[in-house]
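Enquirer: Okay, here's the structure, questions in a sec.
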Amino acid sequence: MQNDEAVPITVEFSGGLEILFSNQKKYSLSLPSQDESGAPANVAFLVRHLCENVMKDPRKELFILDGTVRPGILVLINEADWELEGEDQYEVQKGDHIMFVSTLHGG
Amino acid sequence: MPPSPCALCKVNRALILRPKDHSKLCKTCFITVFETEIHHTIIANALFHRGEKIAIGASGGKDSTVLASVLKTLNERYDYGLDLILLSIDEGIKGYRDDSLETVKRNAEQYGMELTILGYEELYGWTMDQVVAQVGKKGNCTYCGVFRRQALDRGASRLEVKHVVTGHNADDVAETVLMNLLRGDLPRLSRTTSIITSTPSASANPSSNTNIKRSKPLKYAYEKEIVLYAHHKNLDYFSTECIYSPEAFRGSARALIKNLERVRPSAILDVVRSGEDMAKLVPGSDEGCGGVCSSSVPAAEEEEGGCGSAQGRSSGGEMASVEAQLRQNDAASEHNLETEITTAGGNGSGKQHGRHDSGAAPLSTAGKKGKKGFTPRKANKQVMGRCKKCGYLSSQDVCKACVLLEGLNKARPKNSIEVAYEVQDVSVNSIKDELKKTSIGAD
Ligand SMILES: [Zn+2]
Ligand SMILES: [Zn+2]
């Protein structure tokens, strides 16, 4: 990782997911521009990054299951469903707003 | 990926990928389509009639908040002529309902609806905090669910409202379809898939019963779309884990549903539709059509269990116990035990007229010494009577709520360790009594 440039983004949690992130809904983050292997940072990398560096709650499995965002958690990339944007392969851009919304909490 | 345009207006950028048909919609078109589909559900099933007063079971959570918002919108747009009010149940969980009830109060203002909040304490003499102090955190969701189920009906009859709508969504229905299918509980499958159910109100005086109608206008709405609707319409809703319900997601029927959805999003509605189709085939189901063709089906008290925060949603243990049950049955059939359905007396005819107990009981009692095989239920009609104590519709002499209350009240002066024991014993004993009774009847 020679490239120290970071990508400034906003990450938001809602639908109860914020409970896992110190009850803070919005985070302004600087995401390393490249992942562990030097590839451009994508959402999969962001999720790992969040898990390792932002999430203090030990119950990681409530956010990640089997290497990806747990089913039942919606991911919105600049308001659009991540399935329209390539899911976790989407390459994070400067100024992106990425939102994780749980559908699993109380009705 | 280049942004795709909306499939409907062809102008705006698509933000939503619909799970049911993969169509890509913009925010505005999505909101319109979502509302219109619920309107069609309401019309096709003749859920309401003009002038009807309707209580929306409101928890402050996403489903009931979306339901209230959509019903208000549709009532105005299509001139249903409904009188909509909000009815909330306060289980008495400190710190949990406080915030969600604040949300409901704001909703009442935002939607211009009258709000009634009814507490477990005034209904049952017990808050959930007190129940938990008594029985511990394990198993308290059963209490919460059983009490909650009646609470809405009691509240409605107090308000002289004959129709309660709840926020059950397609994911909820699909989940109960799977659970009932795995348990082989076909009568209940038919009840839980119908969009309208009715229960006599739990009035103090059983002779003055008025039927309380229950319906689920969001029955065909994906949980995902409900959350997206709330998000894109900026609705004010509250979400938290029920602090008494340890999040046990892995291995729950809910997890299965969500995994299916990820592989094939249409699976959820497919399960709901299949559930309806199977319900139609259940002989002796309460209606020939399983209630799908709009007439109402009696709802039993056991229809919705679970914790108040998650309406009738299963917890992790359930799938495991169903699996264990199935394995036991396999083992039993290998040893030719499955046909050996004996009476308690064990003499002669070997026919058990036992009505199948409808709660969680079959899972815990079945399989003991291969007594009860997993034979599919015959068209044994579950006889719906009334609870001797409170008059609530029940397949037992005494309804679940009353049984639970009896246990709680009996245990009240004792210390908590004995108590937990005692309460469990009550239900086991009553099941034993039930079995004894039925075997006597069979002789
Ligand atoms: Zn559009
Ligand atoms: Zn009763």
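The values are calculated or read from the model by the stated rules, or taken from the named source; none is laboratory data. Every value quoted in this text rests on a predicted model; they were computed, and no experiment measured them. Quick reminder, even Gly has a Cβ in these numbers, built from the backbone with ideal geometry, and neighbours come from all protein chains shown. What goes into the accessible areas is simple: the full protein's heavy atoms, side chains included, and nothing from ligands, DNA or RNA. Shrake-Rupley method; radii C 1.70, N 1.55, O 1.52, S 1.80 Å.
Enquirer: Against the definition (within 24 Å of residue B:169 (Cβ to Cβ) and out of contact with any helix residue (DSSP H, G or I) (no Cβ under 7 Å at 6 or more places or on another chain)), how does residue A:104 come out, yes or no?
Expert: On the way: within 24 Å of residue B:169 (Cβ to Cβ): yes; out of contact with any helix residue (DSSP H, G or I) (no Cβ under 7 Å at 6 or more places or on another chain): yes.
Considered against the rule, which asks whether it is within 24 Å of residue B:169 (Cβ to Cβ) and out of contact with any helix residue (DSSP H, G or I) (no Cβ under 7 Å at 6 or more places or on another chain), residue A:104 comes out as yes.
Enquirer: Of the residues B:117, B:89, only one is in a strand (DSSP E or B), open to solvent by less than 10 Å² (accessible area, probe 1.4 Å) and more than 30 Å from residue B:32 (Cα to Cα); which? So that I can check it myself, show each step before the final result.
Expert: Numbers: B:117 fails: open to solvent by less than 10 Å² (accessible area, probe 1.4 Å).
Residue meeting the stated conditions: B:89.
Enquirer: Could you count how many residues in the range B:94-122 are over 16 Å from residue B:68 (Cα atoms) and over 20 Å from the mean Cα position of the chain (by Cα)? Walk me through it before giving the result.
Expert: Kept after step one, since they are over 16 Å from residue B:68 (Cα atoms), are these residues of the range B:94-122: B:94-99, B:118-122.
From what is left, the residues that are over 20 Å from the mean Cα position of the chain (by Cα) are B:94-96, B:98-99, B:121-122.
Adding up the residues that qualify gives 7.
Enquirer: Right, next: When you scan the range B:39-61, do you find a residue that is within 16 Å of ligand 1 (Cβ to nearest atom) and within 23 Å of the chain's Cα centre (by Cα), even just one?
Expert: We begin by selecting, within the range B:39-61, every residue within 16 Å of ligand 1 (Cβ to nearest atom); these are none.
So far as the range B:39-61 goes, no, none of its residues is within 16 Å of ligand 1 (Cβ to nearest atom) and within 23 Å of the chain's Cα centre (by Cα).
Enquirer: Counting only residues that are of a type in the set (A, V, I, L, M) and near ligand 2 (Cβ under 8 Å from one of its atoms), which one in the range B:389-402 is most open to solvent (accessible area, probe 1.4 Å)?
Expert: So in the range B:389-402, the residues of a type in the set (A, V, I, L, M) come out as B:393, B:398, B:401.
Pick out the ones that are also near ligand 2 (Cβ under 8 Å from one of its atoms) and you get B:398, B:401.
Numbers: B:398: 37, B:401: 1 Å².
Taking the candidates together, the pick is B:398.
Enquirer: Okay, moving on. Would you tally the residues in the range B:192-225 being in a loop (DSSP other than H, G, I, E, B), at pLDDT 85 or above and open to solvent by 20 Å² or more (accessible area, probe 1.4 Å)?
Expert: Residues meeting the conditions: 1.
Enquirer: While we're looking at this one, here's another question. For the range B:154-191, which positions are open to solvent by less than 10 Å² (accessible area, probe 1.4 Å) and at pLDDT below 85?
Expert: Answer for the range B:154-191, where residues must be open to solvent by less than 10 Å² (accessible area, probe 1.4 Å) and at pLDDT below 85: B:185, B:189, B:190, B:191.
Enquirer: Right, another one. Going through A:104, A:31, A:46, A:50 one at a time, which residue ends up being buried (at least 16 other Cβ atoms within 10 Å of the Cβ) and within 11 Å of chain B (Cβ to nearest Cβ)? Show your work before the answer.
Expert: On the way: A:31 fails: within 11 Å of chain B (Cβ to nearest Cβ); A:46 fails: within 11 Å of chain B (Cβ to nearest Cβ); A:50 fails: within 11 Å of chain B (Cβ to nearest Cβ).
Unique residue meeting the criteria: A:104.
Enquirer: Name the pairs: first residue in the range B:1-25 and at the interface with chain A (Cβ under 9 Å from one of its Cβ atoms), second residue away from ligand 1 (no atom under 13 Å from the Cβ) and acidic (Asp, Glu), Cβ to Cβ under 8 Å, at least 6 apart or on different chains?
Expert: Partner pairs satisfying both residue conditions: B:1/A:85; B:15/A:79; B:15/A:81; B:16/A:81; B:16/B:225; B:17/A:81; B:17/A:83.
Enquirer: Please pick out the residue among A:59, A:70 that is under 12 Å from the mean Cα position of the chain (by Cα) and at the interface with chain B (Cβ under 8 Å from one of its Cβ atoms).
Expert: Details: A:59 fails: under 12 Å from the mean Cα position of the chain (by Cα).
The match here is A:70.
Enquirer: Return the only residue of B:52, B:91 being among the acidic types (Asp, Glu) and away from every other protein chain (no Cβ under 13 Å).
Expert: Details: B:91 fails: away from every other protein chain (no Cβ under 13 Å).
Checking each option against the conditions leaves just B:52.
Enquirer: I would also like to ask the following. Being open to solvent by less than 80 Å² (accessible area, probe 1.4 Å) and either within 16 Å of ligand 2 (Cβ to nearest atom) or among the basic types (Lys, Arg) (or both): is that true of residue B:13 here? Break it down stepwise before answering.
Expert: Details: open to solvent by less than 80 Å² (accessible area, probe 1.4 Å): no; either within 16 Å of ligand 2 (Cβ to nearest atom) or among the basic types (Lys, Arg) (or both): yes.
Criteria not met by residue B:13.
Enquirer: Scan the range A:56-76 for residues that are in contact with a helix residue (DSSP H, G or I) (Cβ under 6 Å, 6 or more places away or on another chain), part of a loop (DSSP other than H, G, I, E, B) and open to solvent by 20 Å² or more (accessible area, probe 1.4 Å) and report the count.
Expert: 1
Enquirer: Something else now. Among the residues of the range A:41-55, is there at least one that is part of a loop (DSSP other than H, G, I, E, B) and among the acidic types (Asp, Glu)? Spell out how you get there, then give the answer.
Expert: Restricting attention to the range A:41-55, the residues satisfying the condition of being part of a loop (DSSP other than H, G, I, E, B) are A:41, A:55.
Among the residues that remain, those that are also among the acidic types (Asp, Glu) are: none.
Checked the range A:41-55: no residue is part of a loop (DSSP other than H, G, I, E, B) and among the acidic types (Asp, Glu).
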